[in-house]
1. Determine which member of the set I10, I31 is within 23 Å of M110 (Cα to Cα) and in a helix (DSSP H, G or I).
2. Having 3 or more residues that are modelled with pLDDT of 95 or more, under 30 Å from V69 (Cα atoms) and touching a Leu at 6+ places or on another chain (Cβ under 9 Å) is the bar; report the helices (runs of 4 or more DSSP H) wholly within segment 105-166 that clear it.
3. Return yes when Q53 is out of contact with any Asp or Glu (no Cβ under 8 Å at 6 or more places or on another chain) and within 24 Å of A146 (Cα to Cα) and no when it is not.
4. Being more than 14 Å from the chain's Cα centre (by Cα) and either within 16 Å of T7 (Cα to Cα) or surrounded by 14 or more Cβ atoms within 10 Å (Cβ to Cβ) (or both) is the filter here; which residues of segment 89-106 pass it?
5. If I ask for residues that are under 15 Å from the mean Cα position of the chain (by Cα), in a loop (DSSP other than H, G, I, E, B) and within 19 Å of Q61 (Cβ to Cβ), which ones from segment 37-51 would you list?
6. Considering V40, V4, which residue is of a type in the set (V, I, T), crowded, with 17+ Cβ neighbours inside 10 Å and in contact with a helix residue (DSSP H, G or I) (Cβ under 6 Å, 6 or more places away or on another chain)?
7. Which members of segment 85-96 meet the condition of being more than 13 Å from I31 (Cβ to Cβ) and outside any loop (DSSP other than H, G, I, E, B)?
8. If Q18 passes every condition in (1) closer than 16 Å to M100 by Cα; (2) out of contact with any strand residue (DSSP E or B) (no Cβ under 6 Å at 6 or more places or on another chain) but one, which one does it miss?
Amino acid sequence: MIVVSDTSPITNLAAIGQLDLLQQLYGSIVIPLAVYNEMVAVGKVVPGAVEVQTLSWIQTQTVADAQKVMDIQTNQGNIDLGEAEAIILALELRADLLLMDERRGRALAMNYGLSVTGLLGVLLQAKRNSFIPSVKSVLNQLIEQADFRVSSQLYEAILQAADEAV
């Protein structure tokens, strides 16, 4: 299975010490160079920065067609370089899955025919596979420790999907 990831699933899981969920679920992930740079070359401490430099199951790969990345950024407002490269890399690798949280990037990726899930989908899958006992506890950690933003409606919907609704 080929899985490409944008920045936010990695940084958020690393912030709460749960980055290994990605390895448990997918074996390995591929990140584009722009995502690597967003985490490593920003001059401040970013959760997951050490891990993307040291863990063998997180592989960095350069996008082959930089023009397609530029086209996305030119034609799609509000798509950052990491998102654009993640989408193009997923297309180039014929990835089975793209991990991305940002709504505009997800919509664009789906328009290209990519299968996309975000961090909340990762948590649901992790619970289904018995890698975490509760989505709610991990989601609350993300909100409290990683400043992960989720609407109250989505929060409730995810807990219902996880059979944890009150």
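The values are calculated or read from the model by the stated rules, or taken from the named source; none is laboratory data. The shown structure was predicted, so the numbers you read here are calculated from the model rather than taken from an experiment. FYI the Cβ positions are ideal-geometry reconstructions off the backbone, even for glycines, and counts take in every protein chain you see.
1. It is I10.
2. Those helices (runs of 4 or more DSSP H) span 119-128.
3. Criteria met by Q53.
4. Of everything in segment 89-106, those that are more than 14 Å from the chain's Cα centre (by Cα) and either within 16 Å of T7 (Cα to Cα) or surrounded by 14 or more Cβ atoms within 10 Å (Cβ to Cβ) (or both) turn out to be L91, E92, L93.
5. G48 - this is the single residue of segment 37-51 that is under 15 Å from the mean Cα position of the chain (by Cα), in a loop (DSSP other than H, G, I, E, B) and within 19 Å of Q61 (Cβ to Cβ).
6. On the way: V40 fails: crowded, with 17+ Cβ neighbours inside 10 Å.
Selected residue: V4, the only one of V40, V4 that is of a type in the set (V, I, T), crowded, with 17+ Cβ neighbours inside 10 Å and in contact with a helix residue (DSSP H, G or I) (Cβ under 6 Å, 6 or more places away or on another chain).
7. Across segment 85-96, the qualifying residues are L91, E92.
8. (1)
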